[in-house]
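Since the structure comes first, as structure tokens, the remarks are kept for the end.
The numbers here are math on the coordinates, done by the rules we state, and not lab data. Note that the coordinates shown come from a computational prediction; the quantities given were computed from them, not determined experimentally. Cβ sites come from the backbone with ideal geometry, for glycine too, and all protein chains shown count toward neighbours.
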Amino acid sequence: MTTILLAYVPSATSEAALEFAVEEARRRSASLLVLASERAPDPRKARGVSDHRPLQERLAETGLEVELRTVPKRDDPADDILDAVEHDDVDLVVLGIRKRTPIGKILLGSTSQRVAIECPVPVVLVKPSTFVPPTRF
């Protein structure tokens, strides 16, 4: 079976990537492996460990075969993504990326750039639209 890996942190970029990954998994009749960060992305907005129950509930509603794996927050999350590609027989990686200023467009974020360069399987980089409404699958 085909496996699609989604790297997820609570953000608009990850929400757009989640929508894409779910639709692509349905199109390919694939399973979904979601790597979710253990810590909240912004310590000013949340304390401690992220609560992935809402994400888990949303994923359950998709009807897809899904594995939600919580990974510890590290200096370089690309390591977790590349390790999963190597060890979990992943066929496609989906990452959310932020819109960039003209200067920022010169470089992708370090995680997405490293994964896109080093990953042995195709990588899809998804940008959110101007308005990304919360979705229920």
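Miscellaneous remarks
- Euclidean distance between Cα centres, segment 51-100 to segment 9-37, Å: 8 Å
- Relative packing of 17-27, 74-84, which averages over residues the other C-beta atoms within 10 Å, highest first: 17-27, 74-84
- Charged neighbours of Ser31, selected by a Cβ distance under 15 Å, balance to -3 (K, R count +1; D, E count -1).
- FRET E, pair Thr70, Glu118, Förster distance 30 Å, beta-carbon r, rounded to 0.05: 0.85
- For Val126, the amide hydrogen comes within under 5 Å of the amide hydrogens of Leu95, Gly96, Ile97, counting only partners 5 or more places away or on other chains and with H modelled in the peptide plane.
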